[in-house]
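Shown next, in structure tokens, is the structure this report addresses.
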Amino acid sequence: NPIMGAYSYISGKKIKFWKIDVISEKELEKKFLDLKEYGYKIKDIESGTVLFSDEKNGLYIKANGGIIKVLEIQSENAKRMSINDFLRGNKINAGEMFEK
């Protein structure tokens, strides 16, 4: 099931992923209907790229073999929290890259 405690860096900040789900591109298209016309482009996007990020819908990252939907996250010197709470106080923009 979800990976626990994996981490990466974005804009020089260490981010720890406590809980994630892996979803398919089809599931992502169902959630974001306006993606349908762009869906074919997802396979060309580099792994580690933020696809969606907002406090209502959460954080979705392109990965090898699917899309990571982040559920719980922790940034450096902060406590572990749900992705929605995290994104209320921290900006991560679509198109930004998590380092591999």
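Give the number of residues within the range 1-42 that are farther than 18 Å from Phe98 by Cβ, loosely packed, with under 13 Cβ neighbours inside 10 Å and modelled with pLDDT of 80 or more.
5
For residues that are under 16 Å from Ile45 (Cβ atoms) and either assigned to a loop (DSSP other than H, G, I, E, B) or touching a Pro at 6+ places or on another chain (Cβ under 7 Å) (or both), tally how many sit in the range 86-100.
8
Confirm whether Lys79 is of a type outside the set (A, V, I, L, M), open to solvent by 60 Å² or more (accessible area, probe 1.4 Å) and under 18 Å from Glu96 (Cα atoms).
Answer is no for this residue.
Just to confirm my filter: which strands (runs of 3 or more DSSP E) fall fully inside the range 7-85 and include at least 2 residues that are among the aromatic types (Phe, Trp, Tyr) and in contact with a Gly (Cβ under 9 Å, 6 or more places away or on another chain)? So that I can check it myself, show each step before the final result.
Numbers: elements: 13-23, 50-54, 58-63, 66-75.
Per the criteria, 13-23.
Limited to the range 43-59, what total is found for residues that are open to solvent by 100 Å² or more (accessible area, probe 1.4 Å) and acidic (Asp, Glu)? Walk me through how you get there before you give the answer.
Going through the range 43-59, the residues open to solvent by 100 Å² or more (accessible area, probe 1.4 Å) turn out to be 43-44, 46, 56.
Pick out the ones that are also acidic (Asp, Glu) and you get 44, 46.
Total meeting the criteria: 2.
The values are calculated or read from the model by the stated rules, or taken from the named source; none is laboratory data. Just so we're clear, the structure is a prediction, and the values are computed from it rather than from any experiment. A quick note on method: Cβ atoms are made from the backbone with ideal geometry, for glycine too, and the neighbour counts reach across all protein chains shown. Note: accessible area is taken over every heavy atom of the protein model, side chains too, but ligands, DNA and RNA are not part of it. Shrake-Rupley method; radii C 1.70, N 1.55, O 1.52, S 1.80 Å.
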